[in-house]
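Structure, as structure tokens:
Bear in mind that the values in this text are calculations on the coordinates, not laboratory data. Values in this document were obtained by computation on a predicted structure and should not be read as measured data. Cβ coordinates were reconstructed from backbone atoms using ideal geometry, including for glycine residues, and neighbour counts include every protein chain displayed.
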Amino acid sequence: TDQAHIRNFCIIAHIDHGKSTLADRLLEFTGTVSKRELMAQTLDQMELEREKGITIKAQAVRMRYTALDGEEYELNLIDTPGHVDFTYEVSRSLAACEGALLVIDATQGIEAQTLANLYLALEADLSIIPVINKIDLPSAEPEKVRQEVEDVIGIPKEECILASAKEGTGTQDILEAIVKLVQPPKGEVEQPLRALVFDSHYDAYKGVIAYVRVVDGQLHQDERVVMMATGSTTDILEAGYFHPRLISAGALTTGEVGYIATGFKNVKDCRVGDTVTLPSALTRVEPLSGYQPAKPMVFAGLYPVEGNDYPLLRDALDRLQLNDASLFYEPETSGALGFGFRCGFLGLLHMEIIQERLEREYNLDILATAPSVAYLVTKTDGTTMEVDNPSAMPSFGDIEKIEEPWMDISIFTPSRYIGTIMDLVTTRRGTYKDLKYIEAERVLLTYSMPLAELIIDFYDQLKTRTQGYASLDYSFGGYHESDLVKLDILVNGVAVDALSLIVHREKAYHQGRALVEKLRGLIPRQLFEVPIQAAIGSRVISRETVKAMRKDVLAKCYGGDITRKRKLLEKQKEGKKRMKIVGNVEIPQEAFMAVLSLG
Ligand code: GDP
Ligand code: MG
């Protein structure tokens with residue numbers, strides 16, 4: 001298609017505002033996919049995505065639309081991941097577009113990720129088309145939200161399109177707006193090839209399938225190409241577009257969005273953000289801007305519950321990584337847990353997704369340690385190191401300073417919750433930056449806060465304290481020095497490395513006490529008394545005791561009726577699955593996660 005008739009756009013929204021539903025309506029209206037095929041929510045393919053209601057992998061679908069001006073256009077819809085953990089992927093997807101539909105729920109108004117995504121879209125220079133969705137709902141307040149768009153975003157309220165993705169209202173208006181308001185792609189057909197990789201997935205037969213936006217020039221099947229950042233070369237096995245299945249087309253030209261089958265065996269050869277070019281042009285062209293490898297922010301140890309499963313876990317991680325270049329892992333040994341892996345994730349959601357996939361798709365029972373952040377440690381001998389596992393922290397006598405990652409966070413909330421949020425953020429060592437009134441009763445609060453505090457139950461606390469009304473967004477804000485100490489946990493006199501954590505000195509006493517109290521409730525009674533202690537260095541700061549099991553407790557349970565007995569046995573079996581014997585004490589999975597609910 002000639003460039004003047006191509007439009008590349010994406011849909012951005014706060015979670016649940018209707019992005020996927022709207023995408024479905026567009027596919028249906030343009031006849032790209034039939035209603036029946038849509039049943040399985042075309043754009044959100046993975047089962048996990050559907051359940052969690054989020055989009056993990058960006059997708060791109062080509063549609064043909066005959067506009068009211070009588071011309072036929074090629075519209076490429078690029079789906080973006082909807083969660084802050086995947087910001088880098090969002091920004092790469094946006095870089096492949098010229099326009100964005102900004103979907104806002106008419107019953108909710110602008111929320112944290114509405115703005116976060118909008119800022120990313122503005123940074124990428126996209127035309128923004130605001131769509132106020134769910135106007136079919138009785139509680140919809142389209143006029144109010146329109147005004148919000150004008151006041152907060154600065155787009156005249158007349159430009160908002162009112163829609164119901166559920167009922168199909170406004171679909172054609174949206175398509176017309178895309179044709180009229182989104183710029184056609186600007187690249188140069190005569191220039192050497194430059195294509196942006198904005199996503200990829202692994203295919204067992206064709207190797208890595210790279211999702212590309214051709215910025216300049218053209219690419220063809222069988223042509224040799226080179227990846228500018230990694231230097232890997234390959235012959236294009238196949239080139240085509242998504243419909244939404246892969247349709248081979250032999251070539252892609254300037255402005256088009258599609259895929260190339262690279263034959264690469266690992267997504268690492270073909271990173272998101274990389275530029276594809278021709279070997280002959282390698283020294284003549286500038287790489288497209290902004291390539292950076294995704295950086296893991298949250299780390300945890302993953303251990304097989306059954307030691308024998310270690311090789312299976314390694315294979316599973318290998319395979320997951322084929323598809324997910326942002327997943328990091330390396331072997332690690334724990335005195336308490338045995339052989340496992342230290343894994344790095346983009347955020348807590350990413351960690352949860354990987355863990356669930358290991359369990360569901362690979363049938364592994366995994367024991368995860370509490371998540372940690374990566375600390376920058378400068379030792380007294382002048383050397384620096386990155387420590388992402390509390391038990392690997394050098395002894396404190398050898399440490400000059402420790403720096404930890406801080407995040408800039410923004411919270412949208414009804415103003416009545418300002419007090420409780422201030423309170424929450426302060427207990428998490430956060431510092432206040434700004435407060436802006438969005439309208440009479442809604443505010444945007446911004447803070448700085450250590451990531452280590454953010455990953456400990458902050459989101460749930462925020463939701464609880466605001467009856468679910470507040471929304472949160474965050475981004476990396478740099479490393480800052482902190483007064484941190486290592487808290488060791490001893491069970492039955494033995495330090496359990498997998499339970500160690502790094503805490504702020506001022507909170508160490510309180511957290512140590514809260515943690516041992518929690519552990520007392522989580523560690524099941526044994527035949528003997530089990531002391532649980534928290535210590536900083538050799539100083540014990542808190543102690544609790546798990547009392548020995550009384551024989552008659554068991555007897556009583558087993559005397560009950562048969563269903564109750566079976567339930568109990570099942571429960572025990574279930575519990576057994578995620579226990580580790582440390583020393584001679586059984587420690588359940590929950591104990592390793594207890595730190596997450598200390599608040
Ligand atoms: P996403 O997270 O932005 O992709 O949101 P989804 O498209 O998954 O929609 C979230 C929920 O809102 C789903 O239960 C949808 O059925 C519902 N929804 C989406 N659009 C509309 C709409 O226009 N009207 C109504 N009533 N519900 C909608
Ligand atoms: Mg969705």
Residue-averaged [θ]222 nm for the chain, counting only DSSP H segments that reach four residues, each worth -39500 (n - 2.57):
-7500 deg cm²/dmol
How would you order 232-244, 105-117 from highest to lowest mean count of nearby Cβ atoms within 10 Å?
105-117, 232-244
Quote the charge dipole size of the chain about the Cα centre in Debye, to the nearest 20; the model charges only the Cβ of Lys and Arg (+1) and of Asp and Glu (-1).
2740
Sort out for me the Cα centre separation of the stretch 284-299 from the stretch 247-282, rounded to whole Å.
16
Nearest-0.05 FRET efficiency for residue 396 and residue 596, computed from C-beta distance (R0 22 Å):
0.35
Packing rank of 16-29, 184-197, 149-162, where each peptide gets the mean count of other beta carbons within 10 Å, highest leading:
16-29, 184-197, 149-162
Which loop-located GluC sites (Glu not before Pro) does the stretch 388-474 contain, where loop means any DSSP state but H, G, I, E or B and the Cβ has at most 13 other Cβ atoms within 10 Å?
441
Calculate, in nm to one decimal, what residue 435 and residue 180 gain on full extension: separation in residues at 0.36 nm each, minus their alpha carbon distance.
88.1 nm
Based on the mean of other beta carbon atoms within 10 Å per residue, what is the order of 204-214, 513-523, 373-383, most packed first?
204-214, 513-523, 373-383
Hey, if you put +1 on the Cβ of every Lys and Arg and -1 on every Asp and Glu Cβ in the stretch 400-499, which of 445, 427, 414 ends up farthest toward the positive end of that dipole?
414
Helix 112-123 sits at what angle to the longest principal axis of the chain, using alpha carbons and giving 0 to 90 degrees rounded to 10?
50
Consider a paramagnetic label point 7 Å from the Cα of residue 280 along Cα→Cβ; state which residues of the stretch 240-261 have an amide N under 19 Å from it.
251-254
Rounded if a/c is under 1.5, else prolate if a/b beats b/c, else oblate: with a ≥ b ≥ c from the C-alpha gyration tensor eigenvalues square-rooted, which is the stretch 458-523?
oblate
